[in-house]
Every structure is written in C-alpha cells, then in structure tokens.
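Just below is one structure, and these are the notes that go with it.
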Amino acid sequence: MALKPVIAIFDIGKTNKKLFLFDDNYKIAFERTARFPETHDEDDYPCENLDSLRLWVFDSLREIFKHKEFDLKAVNFSAYGASFVYVDEDGTPLTPLYNYLKPYPSELSKQFYDIYGDEAKFAQKTASPILGSLNSGLQLYRLKYKQPEVFKKLKYALHLPQYMSYLLSGQMVADLTSIGCHTALWDFSINNYHLWVNDEDILPKMAPLQTADSVWPSVLPGSTCCVGVGLHDSSAALIPYLVSFNMTFVLISTGTWSISLNPFNQTPLTADQLKNDCLNYLQYKGSTVKASRLFTGYEYEQQVERIATHFTQDIIRYHTINYDPDIVTKLKVQTSLHSHKQNGQLQKSVFEQRYLDDFTNDIEAYHQLMIDIVEQQTISTNYVLQDCKVQRIFVDGGFSKNSVFMHLLALEFHQLEVYATSMAQATAVGAAIAIHKAWNGKTVPHDLIELKYYSGGQNEVV
C-alpha cells in the first residue's frame, strides 16, 4: 500500500498546543492537542515552559514516525507572537520565554521614548500602538539594560516560531511575519529595521531574514523531510483566504478578540487609527495588512450571562438564537443609546449600561446586545476600509455561526457581499500552504473554505 504524503504543522497557542498532519489535499489525517503547566521567570511571573514545548515537539515526531502509513514530507510551525527565545552561540536558551503580558518598567519606557522621539510619531513609523512588552523589540531593549551580562552572551533573539523551526533545521533565521507585527522593530516608512535597532547594537542580534516559503533539510536522524521557517499565527490564518480568492476582501476573525484584517490596504496608519487599536503588520509575502481589533468576544460572554441570569434562562439557549427582523426594527426605533468614541478611544458597546427590565423578554434583550456589538464592530471594521475599496467581507470564528450577528453585519455593510466562512484550522493550513511547493506536487484545492452568504435584506442565502 502506498504511503500517504503528509505535512506536520505544530500550531502553538498560548493555551493549546496542537499538532496536525495534513495530506496533499489539505485534509486532516491526524491530530493531537496538548496543554502544559506554566513555569515562572526570575521575577516569579508566569511564562511558557520552553522545555515542555521542546520535548512535546520531539515526542510528537517520534509518534508520527511510528505511524507507518504516513510519509512525512515537511514540517512547519505557527505560533503566537511577541515572544523571543534568546539563544547563545550553541542555540541554547539563555533565559525563560518571557510572557508578553509581563508589565514593562515605566522608567525604561521613558528612557526609550526620550531618546527615540515621542510615542505618537514612533508608533506611526512602526505601525503599532504603544503596547509595552507586546512590542517585542522593547523586550530586547529591556534585556540589554536589565540583564547586560545575558545580552553579551546573546547570539540571536529568535521569535518563537523561528526557534521551534531551528530545533529541527539547525538554521537560526528571522521571518517578516514575526518581525513585522507590533514589534517596534520594523519601520514601515522605509520597509526595514528602525534606526534604533542599529543604534542600540541590537541589529547584530537579529538573525538573517528569510522568506516565508524558505525550507531546509531536517537535522533529525533518518528523516528526509524539509522544515519551514515558521510563521506568526495571525499571518498564517490569512493565507488560505489569499490563495483562495482573487477578489478584494476584509476578514473579520472572531473569538475573544474580533480582528478586522485588510490585506489590500497599504495606506499608513493615522493617529486616530492608532488611538483606536489599529496596527499594520506584514503578511507572508511581505506586503502590509491593516488590522483593527475589539475585545468583543469577552464582552459578549459577560453580557449573555447577565441576560440569562436576569431572565432565569439556560445560557446554552443563546447558542442558536435566530434572527428576528421585526424585533430589530422595533429596537432600532426605541434605542436611545449608541456606541460612540470618547477622547479618541473606541469604547465597549453600550449594552452594559442598559436596564434589562426595559426589555419584554430575553430574546429582545439578546437582539439589543447584538445590535450594540455590531454597531461597535462596524466602527472598528471601517477603520481598515478607509481609503481602500473591497468587494467582500468574510467572517470566521465564533460569530460566523451567529445568525443575529451575521444578518446585522450584512445590513450595516449592505454595499458589500458578506459571508460567514467555515474552515477547519485556518492557521495550521496557512502554515502548510506557505511551503506548499516544497512538499506538495498538487495544486492548492479550491474548496478549502466554505461560504454562507448573508444579504443586506432579511433573507439568508446559502
């Protein structure tokens, strides 16, 4: 029996670590999920257990090699960003994998911006809001001044996807999708590293840049597979859409965060966009993606729980609420509160200010919640639509399955085609497609993504 050619993708999230084997038609042939207890750094702040992560990769590959039906052609990685592994000349980590949520020292932040200009101008050049440790370049700045002895031993600072790739390829490299996503390292106005990176002697600590389709032979004994460079997860998730559609689009990726991504908007960020949680990042072919984000998933969960408690209903009920246009018409006439901005900041939706006793029943209250969330979503998505015409809006993630959200969004963007999308493991598939030519002789399938159309009227078209 012929062996099935597969690619292994390690998709590393903050909570869940996933392994997928995809066949040459990008169907899942094997999958595993793992979670590891966090460890703590020298300041007792929680962080990823790098040893557990490393062992998991090697143990997983050993398990794959035991499956005699698979012919492992390639391995690639997608992982969360803003996380550096500091390695010495031998590739040994010098520190824990510091948590990007760790508070950034205020005195160091002041020192940095006193030298390199005011925050607003710096943010505009580096295409990211000021985010402390989430600007991973500033983690390197912190290492230099807080741990100078470690900095002296540092060969390269590798973002997490590239460190994982190094374990299997032996190649220390950098990748644009990691370097170009809210790191404060990349100057979008010159399409190169910002001057401060050189001024602080950090540039020599950055590994050579490689393209996202680069591969190397595996250093694993007895293995003939190739190894990809690794990708930032946000960029990887966009790849299946870029290869599947020729028309211009915005992707709204929904979960805890609702992130609007426009890979066709090359315009620089404005001061207003930066104040409202917008950023630019580099996609896998090096061009700019404009993004805006909202914390809507968390707010949705909190407010649905409030509705369920008030009306003594089971919260599961709200997983399958159908859109009712008559309720929406009634509420839009009655509504006196609207989402708005204050002091340049896009606020949370106004639903938490509403009195639930004002609603006839829980279904009415639920529709009002979704009206408020979509009103807020519209403001956020319009930031990435400014000065850039697109033809479609795709919605993936949790809200793509929410009939009320999708109908209301289609009403707000009635001039565009609005689709709910369904795709299994977009991030992992994207990491596989990035090195498609290195392992797969077939063309990329055209049916990777299922679409469900929502019109700006009342009817849903499948």
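The values are calculated or read from the model by the stated rules, or taken from the named source; none is laboratory data. Worth saying up front: this structure is predicted, and the values here are computed from it rather than measured. Here Cβ is always computed from backbone atoms with ideal geometry, including for glycine, and neighbour counts include all displayed protein chains. The area values use the complete protein model at the heavy-atom level, side chains included, leaving out ligands, DNA and RNA. Shrake-Rupley method; radii C 1.70, N 1.55, O 1.52, S 1.80 Å.
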Round to the nearest 10 and report in Å² the accessible area of residue 257, as given by a 1.4 Å probe over the protein chains' heavy atoms. 90 Å²
Enter the accessible area per residue of the chain (Å², integer; probe 1.4 Å; all protein chains in place). 44 Å²
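Quick one: order 69, 364 from most to least accessible surface, probe 1.4 Å.
Details: 69 80, 364 15 Å².
The ordering from most to least exposed comes out as 69, 364.
With viscosity set to 0.890 mPa s and temperature to 25 °C, compute the Stokes-Einstein D of the chain, Rh being the Kirkwood radius across alpha carbon pairs; µm²/s, no decimals.
Numbers: Rh = 23.6 Å.
In µm²/s, the coefficient is 104.
Given the pairs 102/285; 102/153; 18/68; 4/401, which are separated by over 26 angstrom at their Cα positions?
Working: 102/285 31 Å; 102/153 23 Å; 18/68 21 Å; 4/401 33 Å.
In this structure, 102/285; 4/401 exceed 26 Å between Cα atoms.
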Computed magnitude of the charge dipole of the chain (debye, nearest 20; Cβ of K, R +1, Cβ of D, E -1): 940 debye
Output the Cα-based Rg and Dmax of the stretch 200-320 in Å, rounding Rg to one decimal and Dmax to a whole number. 20.5, 62
Share antiparallel - DSSP beta bridges, the stretch 358-462, percent rounded to 5: 65 percent
Straight-line reach from residue 290: which aspartates and glutamates have a Cα under 13 Å away, not including same-chain ones fewer than 8 places off? 277, 387
Once amide hydrogens are built 1.01 Å from N within the peptide plane, the residues lying 5 or more places from residue 95 or on another chain with amide H under 5 Å from its amide H are 86
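Can you give the % of DSSP beta bridges in the chain that are antiparallel, to the nearest 5?
Working: 50 of 75 bridges.
The antiparallel fraction comes to roughly 65 percent.
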Taking the Cα centre of each part, how many Å lie between the stretch 102-161 and the stretch 1-34? 35 Å
The percentage of the accessible area of the chain (probe 1.4 Å, all protein chains present) made up of carbon and sulfur atoms, to the nearest whole number, is 50 percent
With N denoting the number of residues in the stretch 20-150, provide Rg(C-alpha) divided by 2.2 N^0.38 Å, to two decimal places. 1.38
